[in-house]
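The values are calculated or read from the model by the stated rules, or taken from the named source; none is laboratory data. These figures come from a predicted structure and were not determined experimentally. Neighbour counts are summed over all protein chains in view; Cβ atoms, including those assigned to glycine, are modelled from backbone coordinates with ideal geometry. For accessibility, only protein heavy atoms count, side chains too; no ligands or nucleic acids. Shrake-Rupley method; radii C 1.70, N 1.55, O 1.52, S 1.80 Å.
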Amino acid sequence: MMLALNEIRRGRGRFASIIAALSLIVFLVLTLAALADGLFFGATGAVRSTNATAYAFSPDAKGSLIRSSMTPEQVREVSSDPGVATASGVGVLLTAGTAPSGEYDVAVFGVQPDGAGVPTTLTDGRLPQPGENGTAAIDQELAYEGVAIGDSITVGTQSAEVVGVVRDSSYQLQPTVWTSLDTWRAMRNEVRPEFTGVTDDVNAVAIITDSGVTAEQVQSEVGDLTVLSAEATGLAIPGVEQQSSTLNSIIYTALAVAALVVALFFALVVLEKRELFAALKALGTSTRKLGAGVVLQAIIASAIGVVIGALASRGLGAIVPDEVPTLFRTETLITISIFTLVAGVVGAAFSLRRIARIDPATAIGGTL
Amino acid sequence: MDVDALPVASLRDVTKTYGQGDACVHALKKVTLDLYPGEVIVVLGPSGSGKTTLLNVTGGIEPVTSGEVEVCGQSLANKKPEELATLRRKHVAFIFQFFNLIQTLTAAENVSLIAELTQKSAGLHERVEEALSGVGLLERAAHFPAQMSGGQQQRVAIARALVTGPDLLLCDEPTGALDLDTGRHVLALLQAAAREQGRCVVIVTHNSGIATMADRVVRFHEGSIAQVVQQEAGEARDVTW
């Protein structure tokens, strides 16, 4: 261990190269992860941050809130199904809303205030109360843009007074406005004239299942409707799963590259130190101890690389424009850090066989 | 040399071959040899005569093809590599022609590196100082190998070898990279290790001038012991070549 630590301490130039390479990879991975998280959380907050555990959609909607359309009868049918504790209609409208501070692209969500699908992330004020129309809670992003409690937010000619603020509730990267079903429908009918006269439809049904009941179990009770868990509903939002899988593929590839970089580095180190390792083996150092030293060096180099990469990534996050959806999560940092350390250890482990095969006899003269 | 003592190492009818068939080379042919505590043995012979192979099989670095090797009463046959490494740590030390010091460690750290593998940390610092003092390099304890001459590096290697208190010191051309004066100094340290500490010191060399300091001279020829000469050992400082 002393040898491994001293080599890093006194061979800084050599280890600076591997640390720099790992730092850049970690920086890349964390920045991509921040983008992936930013996109995912920005797209799915409205279905993750509510009290609903599942959603039911019309058969042809493929799990899309926007594409789905359901009648009050269907809502009642879902409500009465075994395993469903509460079921309420949900309406969604992607539109533009005007507030005193400006005009914003928003997603208006109509929900039943005492039902399912209601936000659980209130940070200020209150949510619309049962039977109350013309009021709304807004996503924190709108509050950051200058919309305040007491302001009115208007869609067409329909206005709602802002009474509360919720966080992590955006939908398809747009801030949300949470209002009653009637207010949502009035706004929807303003901007979508083809719905004029429609007074009782919803897009989907938000469900709170009984404890221990899964979306799949509810699905078996609802005939040809589609039931997805809240998490699956998020992934069914157009583009979300594709974005996540694309960015995750890049992240996994980068982590594999990290393992390869470490493997190549330590393969070169071991090659360079063959004679020294042979001598140490001849002097009684076990292969296990030599291998442990290399793995320790890999862990230290990876850990320093993680710290530098994380700091650089956070630094970039501080200057990246607000329009770029990035989210630096501690959970992601911990996960990526562990993966990088594991990648470093795995990379170094490739050298262990090479160390094991070093013949101590090569430390002594020729072969005869 | 204590002729009544049990041998530190014994080789019985040891044969070592490399390769097979037409390419088979007999590096050692039925070699029998006992190595005693307090004894300096100089092994002479031309290149390819089997000197180095003798060191390798005696130190458990290479397995024998046939015959038996015992070190400190333990047969090396059927021991796993890790068990052989443990045995070397406890009983055997090597001194190499090109020192094989670790360039990123100081003299003291090079010495303590091996010592801490085998011994408890209590008193380690004192033992390292004692070993370096024994080779006259205490004042250079904080120096790196690159800051020392070849002779000084070999003396550090001797301190490294002696700090664990080995019974058997196997030296491969220990003066091969040194000038005469420095070589004498190194040989004197090895002779002192035998005389004053009771180690068995085996020096493999092609330099016949070194033979005058040996208690026993073993000449190898084509893998076999051609001659063994028991003699009154001269002083290492009088060696010349």
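Some observations on this one:
Quick grid of which residues meet (1) over 27 Å from the mean Cα position of the chain (by Cα); (2) not assigned by TED's automatic domain parsing to the domain that holds A:TYR171:
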site: A:ILE8; (1), (2): yes, yes
site: A:PHE15; (1), (2): yes, yes
site: A:LEU32; (1), (2): no, yes
site: A:LEU35; (1), (2): no, yes
site: A:SER64; (1), (2): no, no
site: A:ARG67; (1), (2): no, no
site: A:GLU73; (1), (2): yes, no
site: A:ASP81; (1), (2): yes, no
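- Looking only at residues of the stretch B:56-101 that are open to solvent by 40 Å² or more (accessible area, probe 1.4 Å) and assigned to a strand (DSSP E or B), we find that the one that is nearest to the other protein chains (Cβ to nearest Cβ) is B:GLN74.
- Looking at B:ARG140, B:ARG155, just one residue is surrounded by fewer than 20 Cβ atoms within 10 Å (Cβ to Cβ), modelled with pLDDT of 90 or more, touching a helix residue (DSSP H, G or I) at 6+ places or on another chain (Cβ under 7 Å) and basic (Lys, Arg), and that residue is B:ARG140.
- Any chance B:ARG127 is of a type outside the set (Asp, Glu) and open to solvent by less than 50 Å² (accessible area, probe 1.4 Å): no
- The stretch A:12-28 - residue that is among the hydrophobic types (A, V, I, L, M, F, W, C) and open to solvent by 30 Å² or more (accessible area, probe 1.4 Å) and, of those, nearest to the other protein chains (Cβ to nearest Cβ): A:ALA16
- Checking A:ALA361, A:ALA356 one by one, the residue that is surrounded by fewer than 17 Cβ atoms within 10 Å (Cβ to Cβ), within 14 Å of chain B (Cβ to nearest Cβ) and in contact with a helix residue (DSSP H, G or I) (Cβ under 8 Å, 6 or more places away or on another chain) is A:ALA356 and no other.
For (1) within 29 Å of B:LEU54 (Cα to Cα); (2) within 11 Å of another protein chain (Cβ to nearest Cβ); (3) small (Gly, Ala, Ser), each residue gets a yes or a no:
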site: B:ALA122; (1), (2), (3): no, no, yes
site: B:ARG160; (1), (2), (3): yes, yes, no
site: B:PRO174; (1), (2), (3): yes, no, no
site: B:ARG195; (1), (2), (3): yes, no, no
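- Selected residue (only one of A:ALA361, A:ALA348 is within 24 Å of A:LEU255 (Cβ to Cβ) and outside any loop (DSSP other than H, G, I, E, B)): A:ALA348
- Selected residue (criterion: farthest from the other protein chains (Cβ to nearest Cβ)) from residues of the stretch B:102-116 that are open to solvent by less than 30 Å² (accessible area, probe 1.4 Å) and farther than 15 Å from A:LEU283 by Cβ: B:ALA107
- Subset of the stretch A:265-280 (residues that are within 7 Å of another protein chain (Cβ to nearest Cβ) and buried (at least 23 other Cβ atoms within 10 Å of the Cβ)): A:ALA279
- Residue in the stretch B:213-224 that is closer than 22 Å to B:THR53 by Cα, in a loop (DSSP other than H, G, I, E, B) and out of contact with any His (no Cβ under 9 Å at 6 or more places or on another chain) present: yes
- Residues of the stretch B:119-130 classified as at pLDDT 90 or above and of a type in the set (A, V, I, L, M, F, W, C), total: 1
- Residue identified as surrounded by 15 or more Cβ atoms within 10 Å (Cβ to Cβ) and at pLDDT 95 or above among A:SER159, A:SER244: A:SER159
Listed here are the residues, each with its yes/no results for (1) of a type outside the set (Gly, Ala, Ser); (2) open to solvent by 30 Å² or more (accessible area, probe 1.4 Å); (3) within 23 Å of A:MET187 (Cβ to Cβ).
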position: A:ARG10; (1), (2), (3): yes, yes, no
position: A:LEU30; (1), (2), (3): yes, no, no
position: A:THR50; (1), (2), (3): yes, no, yes
position: A:GLU77; (1), (2), (3): yes, yes, no
position: A:SER80; (1), (2), (3): no, yes, no
position: A:ALA96; (1), (2), (3): no, yes, yes
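- Just one residue in the set A:VAL324, A:VAL306 is under 23 Å from A:PHE15 (Cβ atoms) and either away from chain B (no Cβ under 14 Å) or surrounded by fewer than 23 Cβ atoms within 10 Å (Cβ to Cβ) (or both); that residue is A:VAL306.
- Candidates B:ALA115, B:ALA188, B:ALA108 - the one that is under 16 Å from the mean Cα position of the chain (by Cα), part of a helix (DSSP H, G or I) and in contact (Cβ under 8 Å) with a residue 12 or more places away in the chain: B:ALA188
- The condition (being out of contact with any Cys (no Cβ under 7 Å at 6 or more places or on another chain) and within 20 Å of A:ALA148 (Cα to Cα)) is satisfied by just one residue among A:ASP105, A:ASP60, A:ASP81: A:ASP105.
- Whichever residue in the stretch A:162-180 is within 18 Å of A:PRO130 (Cα to Cα) and polar (S, T, N, Q) and, among such residues, is surrounded by the fewest Cβ atoms within 10 Å (Cβ to Cβ): A:SER180
- Inter-residue pairs, beta-carbon under 6 Å, first more than 16 Å from B:HIS26 (Cα to Cα) and in the stretch B:63-76, second assigned to a loop (DSSP other than H, G, I, E, B), 6+ apart: B:VAL69/B:LEU76; B:CYS72/B:ASP167; B:LEU76/B:GLY60
- Elements of type strands (runs of 3 or more DSSP E) contained in the stretch B:1-48, each with 3 or more residues being under 27 Å from B:GLN197 (Cβ atoms), in contact with a helix residue (DSSP H, G or I) (Cβ under 6 Å, 6 or more places away or on another chain) and at pLDDT 95 or above: B:40-44
- Any hit, the stretch A:348-363, residues being in contact with a strand residue (DSSP E or B) (Cβ under 6 Å, 6 or more places away or on another chain) and under 21 Å from B:ALA85 (Cβ atoms): no
- Taken residue by residue, the stretch B:100-111 has no member that is touching a strand residue (DSSP E or B) at 6+ places or on another chain (Cβ under 9 Å) and among the charged types (D, E, K, R).
- For the stretch A:99-121, residues that are open to solvent by 80 Å² or more (accessible area, probe 1.4 Å) and closer than 16 Å to A:THR154 by Cβ total 3.
Rundown of residues vs (1) closer than 21 Å to A:GLY42 by Cβ; (2) part of a helix (DSSP H, G or I); (3) not polar (S, T, N, Q), yes/no style:
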site	(1), (2), (3)
A:GLU190	no, yes, yes
A:THR199	no, no, no
A:ILE207	no, no, yes
A:LEU228	yes, no, yes
A:THR233	yes, yes, no
A:GLU241	yes, yes, yes
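- Evaluated against (1) among the small types (Gly, Ala, Ser); (2) open to solvent by less than 20 Å² (accessible area, probe 1.4 Å); (3) part of a strand (DSSP E or B); (4) farther than 25 Å from A:ASP224 by Cα, A:ALA36 falls short on exactly one condition, (3).
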